[in-house]
Amino acid sequence: MSEHRPAAPAPTELTPELIMQVGTSFMAARHLIAAAEVGVFEALAVDALDLDALAAQISIPARTTRICADAMVALGLLERDGSLYRNSPVAEAFLSGRGAGDLRPFLRYLDISYRAWAEFTDAIRTGQGSGFIARLDPAAQQVFSAGVESATAGSAAALADSYEFSRHRRLLDLGGGTGSFLVRILTRHPAIECGLFELPHVAAMARDNLKARKLDSRVRFYEGNLLADQLPTGYDAFLLANLVHVFTTEHNRDLLARVHASALPEARLLLVDFWTNPAHTQPVFAALMAGEWLMGRGEGDVYSEDEIRDLLTATGWVMTGRRPLIGPASLVVADRL
């Protein structure tokens, strides 16, 4: 009697859905940036509105209001009940201006970045990004800095809440931007004294930011170039938040060595970044943002946990751990040998 064998399963049919989704993702980004710019989410922060009321509220034509609002419904950022549009929970939390966070400044920064990405293919071919951040005028620089602060607010809060800053007396924030990480740390830990080292025009923004929060008296501001100028001494902790990805491996090695030379014997390094797996494919956010750092500074890149460990070892530090913060960001901790 012959053995009955089940029929082999039919080959899985391939579809171009993934390619179409990724290829048109720039349209989703542009829809989102436009919706935030014209005020859709703020208009819906108080109550649901129909199309005509929403169009009147944001002062754009009803036809383009419908295009914009329906795209946000399709993307899950608005909800529609009959003729009424309302913010989805995530939009209410982060785009309405009334929630716990505000990512609208980040979207304004992405609007600037988006234009620079028109040259991305050339950057991949030549190995050199446009370095558009260095060419920003003062107004655009303000947008950039506010956008970075907005995008990193969650990790700044998570660091201040989860790390034991009470073990340190003096903390130096290298490349500290507008001082957004220090705002959280100083507020949460009133005993610590801090310093912030930045380029002169960025240090000025940080000074204003901390002064507005009455925290500037606990911060010493240093103006200079991290890769060229003498680093301050007398600190037992150093924060490098979203800084390593700005530089090449060679520049990072030099910077870490110079921090080691300026640090007190018991000093500790706190490195916040989007550390990846060895293949640089996870987290996805980091894999994509590698292109942003290439374009923005001309030389930025992502680094894996193994790569930063090797850099630390080569410059007199020992990596003692890695902790999650929020989203794709995590903290690497290293002690001075």
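Bear in mind that the values in this text are calculations on the coordinates, not laboratory data. No experiment lies behind these values; they were computed from the predicted model shown. Every residue, glycine among them, receives a Cβ derived from its backbone with ideal geometry; neighbour counts consider all protein chains shown.
Can you compute 3J(HN,Hα) from phi for each residue in region 209-221, using the Karplus curve 6.51 cos²θ - 1.76 cosθ + 1.60 with θ = phi - 60°, rounded to whole Hz and x for Gly and Pro?
For region 209-221, the Karplus-derived couplings read 5, 6, 5, 4, 9, 6, 10, 5, 5, 9, 10, 9, 9 Hz, x marking Gly and Pro.
Taking a ≥ b ≥ c as the square roots of the eigenvalues of the Cα gyration tensor of region 277-326, is the shape rounded (a/c under 1.5), prolate (a/b larger than b/c) or oblate?
Oblate.
Could you give the spread of the C-alpha atoms of region 130-243 along their three principal axes, from largest to smallest, in whole angstroms?
41, 31, 24
Tell me, what HN-Hα J-couplings in whole Hz come from the Karplus equation 6.51 cos²θ - 1.76 cosθ + 1.60 at θ = phi - 60° for each residue of region 245-252, using x for Gly and Pro?
5, 6, 10, 6, 4, 5, 5, 5
Just how large is the dipole of region 217-328 about the Cα centre, in debye to the nearest 20, putting +1 at every Lys and Arg Cβ and -1 at every Asp and Glu Cβ?
Charge dipole of region 217-328: 380 debye, to the nearest 20.
Just to confirm my numbers, what's the Cα centroid distance between region 7-70 and region 263-280 in Å?
Value for the Cα centre distance between the two parts: 38 Å.
Taking N as the number of residues in the chain, what is its alpha-carbon radius of gyration divided by 2.2 N^0.38 Å?
That ratio works out to 1.17.
Let me check against my output: what whole-number percent is the relative contact order of region 296-337, with C-alpha pairs under 8 Å and at least 6 apart?
With pairs under 8 Å counted, the relative contact order is 31 percent.
What ranking, highest mean first, results for peptides 62-74, 299-311, 211-223 when packing means the other Cβ atoms within 10 Å averaged over each residue?
Packing order, densest peptide first, comes out as 299-311, 62-74, 211-223.
With each run of n ≥ 4 DSSP H residues scored as -39500 (n - 2.57), what mean residue ellipticity at 222 nm is computed for the chain after dividing by its residue count and rounding to the nearest 500 deg cm²/dmol?
-14000 deg cm²/dmol, from helical runs alone.
Collect residues whose amide H, placed 1.01 Å from N in the peptide plane, falls under 5 Å from the amide H of Leu331; neighbours closer than 5 in sequence don't count.
Those qualifying (amide H under 5 Å, at least 5 residues apart or on another chain) are Arg323, Leu325.
If amide hydrogens are placed 1.01 Å from N in the peptide plane, which non-local residues have theirs closer than 5 Å to the one on Tyr222?
Under 5 Å from the amide H of Tyr222: Leu196, Phe197, Glu198.
Please give the charge dipole size of the chain, origin at the Cα centre, charges +1 on K and R Cβ atoms and -1 on D and E Cβ atoms. Round to the nearest 20 debye.
Here the size comes out at about 780 debye.
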